[in-house]
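Q: My structure is below; once you've seen it, I'll send some questions.
The values are calculated or read from the model by the stated rules, or taken from the named source; none is laboratory data. As the structure is a prediction and not an experimental result, all values here were calculated from the model. Here Cβ is always computed from backbone atoms with ideal geometry, including for glycine, and neighbour counts include all displayed protein chains. The protein model used for the area step is the full one, side chains on, heavy atoms only, and it has no ligands, DNA or RNA in it. Shrake-Rupley method; radii C 1.70, N 1.55, O 1.52, S 1.80 Å.
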Amino acid sequence: GDRVLVALVCRLERAVRLGDTVARLGGDEFVLVCRVEGRQHAQLVADRVLEHVRSPYTIGEHEVELTASIGIALGADARDAAGLSIGIPADFLPADLLRDADVAMYRAKERGRARAEVFDDSLRTRLLTRTETEQALRRALERHEFELVYQPIYSLDDGALTSCEALLRWRRPGHGLVLPGEFIEAAEVLGLIVPMGAWVLREACRQFASWQCADPGASQFTLSVNVSPNQLVHPEFVSSVRSILAETGVAPELLSLEMTERALLGDLVGALLALDELRDLGVSVWLDDFGTGYSSLEYLKRLSLDGLKLDRSFVSGLATDPADEAIAGAVITMAHALGMAVVGEGVEHVEQQHRLAHLACDYAQGFFFARPLPAGAFSEQILGATARATA
Ligand code: C2E
Ligand code: CA
Ligand code: CA
């Protein structure tokens with residue numbers, strides 16, 4: 001890895017002019033400060049950099065290929081062909097310039113990587129929206145703007161309710177109900193996910209305990225709660241789980257935590273430690289969105305997880321796409337062989353349910369059974385129906 005970096009830096013230096021600056025920000029991020037004649041010229045330099053980076057590297061006996069995603073921010077004195085200033089105002093700080101370049105780089109990644117994008121007005125608007133969202137998000141917890149909805153998970157064997165997954169919603173003033181896809185990532189970046197996650201766990205456990213109290217004789221189901229990577233590796237995480245369970249009276253055996261493979265990509269040691277402690281505590285751990293990440297078999301072997309959640313993208317093609325059927329079947333067989341159970345996610349049609357059952361999948365979840373519901377509606381429609389069915 002170090003040798004690739006060194007080789008890469010040589011290429012970068014060759015791609016720019018004498019007097020330009022090449023710096024490594026950290027990891028695999030570099031900054032080039034170049035004197036340019038304007039936007040088109042900047043684009044030209046970027047194309048040259050992409051060109052240089054792209055040709056293969058020979059490291060020892062290995063051939064390595066790299067691509068770069070480039071974000072361009074133009075400084076105050078950048079002018080277009082007509083001599084008009086097209087850069088940002090002169091009172092801008094270098095840190096702002098770096099931030100803008102960063103935002104543009106993310107657009108380059110979104111648009112398929114190995115390309116360059118210039119920071120422009122549309123990105124400026126996006127940046128403003130992001131800043132606004134961040135500020136609103138910081139206050140959302142103390143202003144009690146979060147809510148949970150619950151989605152049932154059923155056994156494909158006998159149709160029994162086996163679990164309910166708590167899903168976070170943000171009732172943002174002026175924006176209606178906001179889905180987690182729009183704010184979880186920001187919450188992670190801002191370091192808000194730890195207090196938010198603790199709130200989710202406490203609220204879900206409190207609700208779950210009250211369901212259990214209301215009908216102690218009801219057949220048992222479990223509670224599933226999503227955990228973000230940064231939350232899992234936080235040093236206080238396991239002790240906060242322990243105290244929330246104690247405080248709400250929920251038995252550890254009835255709690256499942258769902259994490260994605262992303263949790264293992266950062267602080268692997270921290271994640272493994274937390275998983276061990278959770279196991280000691282008696283809490284189950286499931287791997288979420290299985291099939292979308294690295295789906296590393298090495299992890300599956302090492303982690304002794306309780307189960308996998310087969311991602312919706314494979315479930316959606318069941319009954320229409322033979323490739324999805326093959327993948328789903330293989331994942332389920334492998335999971336069972338390793339002593340894990342499988343939940344099929346995102347079941348929207350009865351045929352998908354039939355195919356999953358046919359492939360010996362254990363559990364299923366999706367709009368076909370029920371959408372995520374507020375606690376009240378969940379009691380009435382899901383728990384009520386279960387009670388009526390058993391009565
Ligand atoms: P996930 O854990 O994979 O959750 C399932 C998502 O699929 C939910 O989206 C759910 O509404 C949606 N879904 C369920 N059945 C169907 C279906 O049949 N069709 C379709 N199209 N979608 C279905 P939601 O609630 O928007 O949550 C998105 C993601 O946000 C979750 O994906 C999870 O990764 C994350 N998330 C949600 N709540 C929390 C939380 O409390 N903490 C953390 N860290 N992440 C959360
Ligand atoms: Ca989940
Ligand atoms: Ca999932």
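Q: Nearest 20 debye, what's the magnitude of the dipole of the chain about its Cα centre given +1 on Lys and Arg Cβ and -1 on Asp and Glu Cβ?
A: Values: 37 positive and 56 negative charges, 155 e Å.
With Lys and Arg at +1 and Asp and Glu at -1, about 740 debye.
Q: Give me the one-decimal nm value for the distance between modelled label points at ARG371 and HIS349, 7 Å along each residue's Cα-to-Cβ direction.
A: 2.0
Q: How long is the gain from LEU268 to THR58 if the chain were fully straight, where each residue apart is worth 0.36 nm and the alpha carbon distance is subtracted? Provide the component values of the computation, followed by the final result.
A: Values: separation 210, 0.36 × 210 = 75.60 nm, distance 2.97 nm.
Extra length available between LEU268 and THR58 comes to 72.6 nm.
Q: Still on this structure, I have one more. Send over a whole-number figure in Å² for the accessible area per residue of the stretch 277-363, probe 1.4 Å. Don't skip to the end; give the middle numbers.
A: Values: 4020 Å² over 87 residues.
Per residue, the stretch 277-363 has an accessible area of 46 Å².
Q: Carbon-plus-sulfur fraction of the accessible area of the chain, 1.4 Å probe, in percent?
A: Numbers: 11010 of 20690 Å².
Taking all protein chains in place, the chain shows 53 percent carbon and sulfur surface.
Q: Taking GluC sites (Glu not before Pro) that fall in a DSSP loop and have at most 11 other Cβ atoms within 10 Å as cut points, what is the longest piece of the chain between them?
A: On the way: sites that count: GLU61, GLU65, GLU142, GLU236.
Counting only loop sites that pass the neighbour cut-off, the longest clear stretch is 237-391.
Q: FRET efficiency for GLU13 and SER240, Cβ-Cβ distance as r, R0 = 45 Å, nearest 0.05? Please report the intermediate quantities before stating the final value.
A: Values: r = 48 Å, r/R0 = 1.07.
The calculated FRET efficiency here is 0.40.
Q: In square nanometres and to one decimal, what's the mean projected area of the convex hull around the Cα atoms of the stretch 261-391?
A: Numbers: hull surface 38.4 nm².
Taking a quarter of the hull surface, the average projection is 9.6 nm².
Q: Further, regarding this structure: Determine, from the Cβ-Cβ distance of ARG35 and GLU134 and an R0 of 41 Å, the FRET efficiency 1/(1 + (r/R0)^6), rounded to the nearest 0.05. The partial results should precede the final answer.
A: Values: r = 33 Å, r/R0 = 0.81.
Rounded to the nearest 0.05, the efficiency is 0.75.
Q: For the stretch 1-77, what does the accessible surface come to per residue with a 1.4 Å probe? Please give it in Å². Walk me through the intermediate numbers first.
A: On the way: 5030 Å² over 77 residues.
Value for the stretch 1-77: 65 Å² per residue.
Q: On to the next question. Rounded if a/c is under 1.5, else prolate if a/b beats b/c, else oblate: with a ≥ b ≥ c from the C-alpha gyration tensor eigenvalues square-rooted, which is the stretch 338-380? Intermediate values should be presented prior to the final figure.
A: Values: a/c = 3.39, a/b = 1.67, b/c = 2.03.
Note, shape of the stretch 338-380 comes out oblate.
Q: For ARG3 and HIS175, FRET efficiency with R0 = 45 Å and r from the beta-carbon atoms, rounded to 0.05? It would help to have the intermediate numbers written out before the result.
A: Values: r = 49 Å, r/R0 = 1.09.
The calculated FRET efficiency here is 0.40.
Q: Here is a follow-up. State the antiparallel share, in %, of DSSP beta bridges confined to the chain, rounding to the nearest 5.
A: Values: 25 of 49 bridges.
Looking only at bridges with both residues in the chain, the antiparallel portion is about 50 percent.
Q: Taking 1 over the mean of 1/r across every pair of different Cα atoms in the chain, what Kirkwood radius in Å do you get? Please report the intermediate quantities before stating the final value.
A: Numbers: mean 1/r = 0.0414 Å⁻¹.
Here the Kirkwood hydrodynamic radius works out to 24.1 Å.
Q: Mean separation of Cα pairs under 8 Å and 6+ residues apart, divided by the residue count of the stretch 220-289: what relative contact order is that in percent? Walk me through the intermediate numbers first.
A: On the way: 84 pairs, mean separation 28.4, N = 70.
Once divided by the residue count of the stretch 220-289, the mean separation gives 41 percent.
Q: Can you compute the modelled spin-label distance between ALA76 and ALA95, with each label point 7 Å from Cα toward Cβ, in nm?
A: Spacing of the two 7 Å Cα→Cβ label points: 1.7 nm.
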